[in-house]
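One structure is given below, encoded as structure tokens.
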Protein chains: 2
Amino acid sequence: MDTDQIATVRAFNRAVTRRIGALDDCYLDRELPLPAARLLFEIGPRGAELRELRARLGLDSGYLTRLLRRLRAAGLIRSGRAARDRRVRRAEWTAAGRREARALDRASDTLARGVLEPLPPASRARLVAAMAEVTRLLRAGAVTVAVEPPGPEAEACVAAYFTELAGRDARFDAERIRKLALDRLHPPHGALVMARLDGAPVGCGAVSVTNGAAEIKRVWVHPDARGLGVGRRMLALLEASAVALGAGVARLDTNRTLTEARALYLSAGYREVPAFNDEMFADHWFEKALPTGAG
Amino acid sequence: MDTDQIATVRAFNRAVTRRIGALDDCYLDRELPLPAARLLFEIGPRGAELRELRARLGLDSGYLTRLLRRLRAAGLIRSGRAARDRRVRRAEWTAAGRREARALDRASDTLARGVLEPLPPASRARLVAAMAEVTRLLRAGAVTVAVEPPGPEAEACVAAYFTELAGRDARFDAERIRKLALDRLHPPHGALVMARLDGAPVGCGAVSVTNGAAEIKRVWVHPDARGLGVGRRMLALLEASAVALGAGVARLDTNRTLTEARALYLSAGYREVPAFNDEMFADHWFEKALPTGAG
DNA sequence: CCATATCTCTGACTTTGGTCAGATGATGCG
DNA sequence: CGCATCATCTGACCAAAGTCAGAGATATGG
């Protein structure tokens, strides 16, 4: 990483805080102070539980209570206890709260428009495209990849994977695929890897080791997070986990419609081999020797 | 401007304040509070007058004094009266102040590096390129174009123009070009237009009207601000000024090496005509009928 | 030299944003 | 039931950031 790149990032930071920083200050023009406005926004049209708000915004619990009291006094929200656990409270917009949130939303739109307005249409399109790219790549940098115990979020990822496969390959039927037993996703038999962005899952992958051979399955990346190296990072972690579990070789199969995945496997050092299983919707089989745990 | 574009700008804003906003918070880790750190930075290696600092940072004069007192107490700056006017004070870094500023600088670099670090090199290059584009276009949107009385900054622009011409066309010699008399840049004979970004000049252009014919000259845009429509905006304002001064036709000549300028003139409705003057380094002559002042 | 304007400094004050320790009330486990 | 735990609430407290009115020093025009 050279100093030019660093300088570009810093120039970017300066330019953005100068021109776009005002987008946040728009809240200042209204009667709500900024953290209260952000909170109102975060509550959203469907309401939210306080513990979640606290986590998302990183607020002190006392501070949060105070902010909410203010919003309640202004008639913008009402709060009550959550149905499932009467210790936790939920906050919800009132009609006035909905109006206020919409007004803040419009103010934000106006300021965003002000950024584009002075530019001729061609530059405007270029700016929007560049902003989208920056947004995407900044998010990519914030994706974390880690081994996790299986849970409902992992199941949701796998379900999304199957839905996508069904959309690409008309033969596919999630009911007829070999199930992965839950205990194969825990040590010493295997591991589950999740990719997350700000806590929300954006990818998954599983590895299961049998007699020194690791089988990698269910590797999927959310469409919004593709092309950012998330798949490669998950694959690397799956292989490392396999090594840690004593595997000397990694195998995987894939559907012919998943061309991006095939390219990833090839570039990660896998070579195509004859079918090593009878997975119903597999069209290609790959294998790669893993480094030994000691090396 | 469609809603997709607005949404992209807003998503960008959110992503950036989340990931890059931390760049400013880096000051929080140090012992200096944020405004004091910014102030220290703004004083710069050559020192600065308080009135200028106040204007640049938009600070209350009392507040500024307090911040400076703090910096002085910490041994980071010293201050004295300005030579030219003993009412105004100057602030300057001490050796310790220089060290502190460098440390802040390094902290900023580290955080900028942290933005790029998690990305693979290809994505990193894409991010840097997109950031540069965003920076450039945001700046473009902040460029102002206005008629101004001539001054030293306009002269500096013209000098830069001549330097550039000399670099492109070996024949060129600034000494042998027709001079523009100063009174031709004021009403009722003409006008000077300047383009500025945050107060600093990034372009100039002059128009001088004789017997109902406007001659447009010295149209130049700083290399960093090209391709952003600044030239077009200046040209439009020059034509409007010409109309206001009673011109019915605009004429201009240009050097053959300035191909971008020629494209601009053609797309702005000018057509090439035979030479109407004997300007030594002109190769092309253009003309355009101007709308009447009444219409 | 006077009146007026300009620039800086000072002290009093306010708002904002935030932390912390402990009280209160609901839940779940044995 | 008794107790530990959890989520929230409350009040006390704090620093940072900023505003304001006015005092004091210096310049400038007449």
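A few notes on this one:
- Residue list for the range A:52-72, restricted to those being among the basic types (Lys, Arg) and out of contact with any strand residue (DSSP E or B) (no Cβ under 9 Å at 6 or more places or on another chain): A:ARG54, A:ARG66, A:ARG69, A:ARG70
- Hits in the range B:120-129 - residues which are surrounded by 21 or more Cβ atoms within 10 Å (Cβ to Cβ) and either more than 7 Å from chain A (Cβ to nearest Cβ) or not in a helix (DSSP H, G or I) (or both): none
- Looking only at the range B:135-147, residues that are at the interface with chain A (Cβ under 7 Å from one of its Cβ atoms) and of a type in the set (D, E, K, R) come to 1 in all.
- Evaluation of A:ALA132 against the conditions (1) more than 25 Å from the chain's Cα centre (by Cα); (2) in a helix (DSSP H, G or I); (3) of a type outside the set (S, T, N, Q); (4) facing chain B (nearest Cβ under 7 Å) shows that the sole unmet condition is (1).
- Residue in the range B:99-119 that is crowded, with 19+ Cβ neighbours inside 10 Å, within 14 Å of chain A (Cβ to nearest Cβ) and without any contact (Cβ under 8 Å) to a residue 12 or more places away in the chain present: yes
- Qualifying residue in the range A:209-225 (condition: under 24 Å from A:ASP278 (Cβ atoms) and hydroxyl-bearing (Ser, Thr, Tyr)): yes
Table: residues versus (1) modelled with pLDDT of 85 or more; (2) within 30 Å of A:LEU138 (Cα to Cα); (3) in the same structural domain as B:SER208 (by TED's automatic domain parsing).
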| site | (1), (2), (3) |
| --- | --- |
| B:LEU127 | yes, yes, no |
| B:ALA132 | yes, yes, no |
| B:LEU137 | yes, yes, no |
| B:GLY151 | no, no, yes |
| B:ALA159 | yes, no, yes |
| B:ALA166 | no, no, yes |
| B:PHE172 | no, no, yes |
| B:GLU175 | no, no, yes |
| B:LYS179 | no, no, yes |
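- Selection status of B:ARG196, under 25 Å from the mean Cα position of the chain (by Cα) and among the basic types (Lys, Arg): yes
- Restricting attention to the range A:258-295, the residues that are in contact (Cβ under 8 Å) with a residue 24 or more places away in the chain, in contact with a strand residue (DSSP E or B) (Cβ under 6 Å, 6 or more places away or on another chain), over 14 Å from A:ALA214 (Cβ atoms) and in a loop (DSSP other than H, G, I, E, B) total 2.
- Complete set of residues in the range A:40-53 that are within 12 Å of DNA strand D (Cβ to nearest atom) and out of contact with any Asp or Glu (no Cβ under 8 Å at 6 or more places or on another chain): A:GLU49, A:LEU50, A:ARG51, A:GLU52
- Count of the range A:34-49 residues which are under 15 Å from A:ARG89 (Cβ atoms) and within 14 Å of DNA strand C (Cβ to nearest atom): 3
- Selection of the range B:50-65 for residues being of a type outside the set (A, V, I, L, M) and either within 6 Å of DNA strand C (Cβ to nearest atom) or within 14 Å of B:ARG89 (Cα to Cα) (or both) yields B:ARG51, B:GLU52, B:ARG54, B:SER61, B:GLY62, B:THR65.
- Flag for A:VAL115 being among the β-branched types (Val, Ile, Thr) and in contact with a strand residue (DSSP E or B) (Cβ under 7 Å, 6 or more places away or on another chain): no
- Matching residues in the range A:72-92 - criterion: being within 27 Å of the chain's Cα centre (by Cα) and more than 9 Å from DNA strand C (Cβ to nearest atom): A:ARG89, A:ARG90, A:ALA91, A:GLU92
- Odd one out for A:PRO35 among (1) free of Cβ contacts under 8 Å to residues at least 40 places away in the same chain; (2) farther than 17 Å from A:ALA107 by Cβ: (2)
- Applying the set (1) in contact (Cβ under 8 Å) with a residue 60 or more places away in the chain; (2) on the phi > 0 side of the Ramachandran plot to B:LEU137 leaves exactly one unmet item: (2).
- Pairs with Cβ under 7 Å, 6+ apart, first in the range A:53-79 and assigned by TED's automatic domain parsing to the domain that holds A:LEU40, second within 13 Å of DNA strand C (Cβ to nearest atom) and among the polar types (S, T, N, Q): A:ARG54/A:SER61
- Residue match in the range A:29-51 (condition: at pLDDT below 85, surrounded by fewer than 12 Cβ atoms within 10 Å (Cβ to Cβ) and under 30 Å from B:ARG136 (Cβ atoms)): yes
- Criterion: of a type outside the set (D, E, K, R) and in contact with a helix residue (DSSP H, G or I) (Cβ under 6 Å, 6 or more places away or on another chain) - qualifying residue of A:GLY167, A:GLY203, A:GLY199, A:GLY151: A:GLY203
The values are calculated or read from the model by the stated rules, or taken from the named source; none is laboratory data. Quantities reported herein were computed from a predicted structural model and do not represent experimental measurements. All Cβ positions, glycine included, derive from the backbone under ideal geometry; neighbour counts span all protein chains shown.
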